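The values are calculated or read from the model by the stated rules, or taken from the named source; none is laboratory data. These figures come from a predicted structure and were not determined experimentally. Using ideal geometry, Cβ is built from the backbone for each residue, glycine included, and neighbour counts are taken over all protein chains shown.
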């Protein structure tokens, strides 16, 4: 997946130099970019008077570029300003461009930025407005083909869960939900091809395109949106530094089984429309449960994590992880802290 090993870095630098651009490099952006790295990036961008931040990498790289973009011309600490107080930018924003090398986050067409503070073990996201979204993004499926399979399937589950976070929420909006169901079916179908043949261009291109549409605000129209799987997964990631998509996968089934009774009609619809469950002579709850079994079976087929233990979490961490879970109220049930602890225990 290294852009210096697969030739993408050389290609980008060559094009920039041919066009007379002065290039300053900020290398070493890690998965789950840190507050410390963000401060370093702001310093580099200031030193070189950057007028464009070009992210060449996956979603973490693009998230990081956006965080730098709103911080370069701001004198305050970016972690405190944007990820603790959730202030909006009140200074000049440096434009961001994106050359994407991993499909998953949708960061190429949204304002989201997730940063981790390793000292406090907090992993926090801030969704900025359109003024922070990349001004352009280059999506070439061939650039994703050198990814290790683990990262590919983590990205695939991230895409799928972005759709679920918007789908499993009120107010029911049939156009948004119809589009969401089509995207979910496309992700499932193409993922099964990609895990068998990671170099299948059509499958990888469809996965990449679905990732963009999963989180560019299109399917959130008319929806309250949930995002509790992300709150749970990000809290786990803050303690384990595990891959984002894998943390989402590991907490999803316990969470959905917990909230399913409160949104059973939508879970029934999910089972029938996405997984083809036959509803004849079954209660809504029976159909909904079959849909979650189908989801679990697909997760096993593509090889994502089904528990947080294999990601480095243990029972002794649960109370601390639960303390860092932000409680949102857009889903079918607003969770209590006790319920959050229970879901995390069931995720072990």
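Apart from one condition, residue 1 fits all of (1) modelled with pLDDT under 95; (2) over 18 Å from residue 105 (Cβ atoms); the exception is (2). Of the residues making up the stretch 116-126, not a single one is surrounded by 14 or more Cβ atoms within 10 Å (Cβ to Cβ), over 22 Å from residue 217 (Cα atoms) and more than 22 Å from the chain's Cα centre (by Cα). Residue count for the stretch 60-89, restricted to those that are modelled with pLDDT under 95 and either closer than 13 Å to residue 134 by Cβ or in the same structural domain as residue 208 (by TED's automatic domain parsing) (or both): 0.
Condition first: touching a helix residue (DSSP H, G or I) at 6+ places or on another chain (Cβ under 7 Å), free of Cβ contacts under 8 Å to residues at least 60 places away in the same chain and either part of a helix (DSSP H, G or I) or under 16 Å from residue 60 (Cα atoms) (or both). Now tell me which residues in the stretch 1-29 satisfy that.
Within the stretch 1-29, 26, 29 meet the criteria.
Filtered by the rule that a residue be part of a loop (DSSP other than H, G, I, E, B), touching a helix residue (DSSP H, G or I) at 6+ places or on another chain (Cβ under 6 Å) and more than 13 Å from residue 212 (Cα to Cα), the stretch 105-144 gives a lone residue, 121.
For the stretch 258-265, state whether one or more residues are part of a loop (DSSP other than H, G, I, E, B), assigned by TED's automatic domain parsing to the domain that holds residue 171 and under 19 Å from residue 180 (Cβ atoms). Within the stretch 258-265, not a single residue is part of a loop (DSSP other than H, G, I, E, B), assigned by TED's automatic domain parsing to the domain that holds residue 171 and under 19 Å from residue 180 (Cβ atoms).
Taking the criterion of being over 15 Å from residue 237 (Cβ atoms) and in contact with a helix residue (DSSP H, G or I) (Cβ under 8 Å, 6 or more places away or on another chain), the residues of the stretch 319-335 that qualify are 319, 327, 328, 331, 332, 333, 335. Among residues of the stretch 164-181 that are at positive phi, none has a beta-carbon under 6 Å from a residue that is surrounded by 24 or more Cβ atoms within 10 Å (Cβ to Cβ) and modelled with pLDDT under 90 at least six positions away or on a different chain.
Scan the stretch 308-320 and tell me whether some residue there is assigned to a loop (DSSP other than H, G, I, E, B), within 18 Å of residue 158 (Cβ to Cβ) and under 18 Å from the mean Cα position of the chain (by Cα). If you could, list the steps in order and put the result at the bottom.
Going through the stretch 308-320, the residues assigned to a loop (DSSP other than H, G, I, E, B) turn out to be 308, 312-314.
Subset that is within 18 Å of residue 158 (Cβ to Cβ): 308.
If we keep only those that are under 18 Å from the mean Cα position of the chain (by Cα) too, we end up with 308.
For the stretch 308-320, residues assigned to a loop (DSSP other than H, G, I, E, B), within 18 Å of residue 158 (Cβ to Cβ) and under 18 Å from the mean Cα position of the chain (by Cα): present.
Determine which member of the set 66, 121 is in contact (Cβ under 8 Å) with a residue 60 or more places away in the chain and out of contact with any strand residue (DSSP E or B) (no Cβ under 7 Å at 6 or more places or on another chain).
121 is the lone residue from the list that is in contact (Cβ under 8 Å) with a residue 60 or more places away in the chain and out of contact with any strand residue (DSSP E or B) (no Cβ under 7 Å at 6 or more places or on another chain).
Selection of the stretch 30-81 for residues being part of a loop (DSSP other than H, G, I, E, B) and within 28 Å of residue 157 (Cβ to Cβ) yields 30, 31, 32, 33, 58.
If we scan the stretch 278-286, do we find a residue that is assigned to a helix (DSSP H, G or I), assigned by TED's automatic domain parsing to the domain that holds residue 193, surrounded by fewer than 20 Cβ atoms within 10 Å (Cβ to Cβ) and touching a residue at least 12 places away in the same chain (Cβ under 8 Å)? Working first, answer last.
Narrowing the stretch 278-286 to residues assigned to a helix (DSSP H, G or I): 284-286.
Those still in the list that are assigned by TED's automatic domain parsing to the domain that holds residue 193 too: 284-286.
If we keep only those that are surrounded by fewer than 20 Cβ atoms within 10 Å (Cβ to Cβ) too, we end up with 284-286.
Those left that are additionally touching a residue at least 12 places away in the same chain (Cβ under 8 Å): 284-285.
Scanning the stretch 278-286, I find at least one residue that is assigned to a helix (DSSP H, G or I), assigned by TED's automatic domain parsing to the domain that holds residue 193, surrounded by fewer than 20 Cβ atoms within 10 Å (Cβ to Cβ) and touching a residue at least 12 places away in the same chain (Cβ under 8 Å), so the answer is yes.
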